[in-house]
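Everything below concerns the one structure shown next.
The values are calculated or read from the model by the stated rules, or taken from the named source; none is laboratory data. Everything quoted here is computed from the prediction, not taken from an experiment. Using ideal geometry, Cβ is built from the backbone for each residue, glycine included, and neighbour counts are taken over all protein chains shown. Ligands, DNA and RNA are excluded from the accessible area calculation, which covers all protein heavy atoms including side chains. Shrake-Rupley method; radii C 1.70, N 1.55, O 1.52, S 1.80 Å.
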Amino acid sequence: MSRVYNFSAGPAVLPEEVLKEAQENMLDYKGCGMSVNEMSHRSKMFDDIIKTAESDFRELVGVPDNYKVLFLQGGASQQFAAIPMNLMKKKKAGYIITGQWAKKAAAEAKLYGEVVELASSADKTFSYIPDVSDLPITEDMDYVYICQNNTIYGTRYPELPDTKGVDLVSDVSSMFLSEPMDVTKYGIVYGGVQKNVGPAGLVIDVIREDLITEDCLPGTPTMLKFKTQADNDSLYNTPNCWSIYICGLVFKWLKNMGGLEVMKQRNEEKAAILYNYLDQSKLFKGTVEPKSRSLMNVPFVTGSAELDAKFVAEAKAAGLENLKGHRTVGGMRASIYNAMPKAGVEALVNFMEDFEKKNRK
Ligand SMILES: Cc1ncc(COP(=O)(O)O)c(C=O)c1O
């Protein structure tokens, strides 16, 4: 067996310890004679898995008692609709446009009410986070929406917007559990797990309880009502049992690593290795304004599409996989999530140094 350093933006690298534990339990989960993939979601075994996952998640993040944690399906994109359907009671919300995912979320919300674009960084290909200290937010808005880490463009909010008392809703998919988060700052904070936490197809929503009501927009499907999911502890129907199980193992792994403060330090250290190299390189260039840089997704270019393609191909041959940038922006992108070891980032930088020596004219 040989494993590569996988820089994919998602689905992405998972901790090897977690994969091995899942492998060991694949045929016979804890002596019950079947795999987690084969057991009823109503069984005692699975009840333990989901309850332990939730309590470990709560402990890791420090989720206050007045917030519900929901394990939902449909990925993060399903939430682009579920959020306005549950929250847009006054039919108006503010969106900050910092990339494709915020744009998609805003476009979906427009199906249900008025969307006010509060700020945007489209003018410079989403290479920065706009000033969010004094936005035209009004009391009649149901919520303010952000995508806190922009997977494609490699930006992350250096600080949260001042929402002037309006509830903040944040998509943290590509920075989920990479650093501590203060849940009390949000009405809803949610993320698809396939980037930093577990297998695709599961989204975790943390929702303040007063936002979970029967009073949704007319026509909201039963499955998309937060109330349905909350009243049934995420077991209204058959959930994504496998992903919940693996996420639970990742939560234990994160606890063993020392928790989210330790992960933040590790992630800052890893990102610094790459950014420091990029800042002095004569061949490669980071594409993001320094103060908006993501700790998780690092885009860079050589300035030549041909050389970019050569780099991606040669890196792959050297065991550094999935470095091609998103199809809409080109260049390269290294996603260095929690499970990417420091040695992986060092191997990437060593490879880049070598490539630079050979290819700089
Ligand atoms: C920040 C962000 N939000 C939302 C999504 C969409 O997630 P999903 O594919 O789970 O719908 C992605 C990526 O896939 C993302 O990076």
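Amide H contacts of G74 (H built 1.01 Å from N, in plane; Pro and chain starts excluded): no residue 5 or more places away or on another chain comes under 5 Å.
Can you tell me the accessible area per residue over region 16-65, all protein chains present, probe 1.4 angstrom, in square angstrom? The partial results should precede the final answer.
Working: 3050 Å² over 50 residues.
Counting only protein heavy atoms, the per-residue value for region 16-65 is 61 Å².
Taken along the Cα-to-beta-carbon direction at a fixed 7 Å, the label points for A313 and D48 span 5.3 nm. Compared with the direct C-alpha span, the chain from S40 to K92 gains 14.6 nm at full extension, assuming 0.36 nm per residue. If R0 equals 41 Å, the separation of the Cβ atoms of M26 and D210 corresponds to a calculated FRET efficiency of about 0.45.
Sorted by average packing, counted as other Cβ atoms within 10 angstrom per residue and highest first, what order do 94-100, 133-139 take?
On the way: 94-100: 23.7, 133-139: 12.0.
So the order, starting with the most tightly packed, is 94-100, 133-139.
For the chain, carbon and sulfur atoms together expose 49% of the accessible surface, with a 1.4 angstrom probe and every protein chain in place. Working value for region 47-184: equivalent-ellipsoid semi-axes of 25, 18, 15 Å, each the square root of 5 times a Cα gyration tensor eigenvalue, largest first. Taking the DSSP bridge list for the chain and keeping only pairs wholly inside it, about 55 percent are antiparallel.
Put a dot 7 Å past the Cα of S55, heading toward its Cβ, do the same for D233, and the two dots end up 1.1 nm apart.
Sorted by mean Cβ packing within 10 Å, highest first, what order do the peptides 340-348, 253-261, 353-361 take? List each step's numbers first, then the result.
On the way: 340-348: 17.9, 253-261: 15.2, 353-361: 12.1.
Descending mean neighbour count gives 340-348, 253-261, 353-361.
Here the chain is described by how far its Cα atoms reach on the three principal axes: 65, 58, 31 Å, from widest to narrowest.
Keeping all protein chains in place, calculate the accessible area per residue for region 258-359 (probe 1.4 angstrom), answer in Å².
On the way: 4630 Å² over 102 residues.
Heavy-atom accessible area per residue stands at 45 Å².
What would the Debye equation give as log₁₀ I(q)/I(0) for region 258-359 at q = 0.12, 0.16, 0.17 Å⁻¹, counting only Cα atoms as equal point scatterers? One equal scatterer on each Cα of region 258-359 leads to -0.37, -0.65, -0.74.
Quick check for you: with a 1.4 Å probe and neighbouring chains kept, what is the accessible area per residue of region 152-220, in Å²? Mind showing how you got there, number by number?
Numbers: 2100 Å² over 69 residues.
Ligands and nucleic acids excluded, the result is 30 Å² per residue.
Between N359 and E16, the modelled label-to-label distance comes to 2.8 nm, taking each label 7 Å out from Cα in the direction of the beta carbon. Assuming charge only on the beta carbon of Lys and Arg (+1) and of Asp and Glu (-1), the dipole of region 16-257 about its Cα centre is about 440 debye to the nearest 20.
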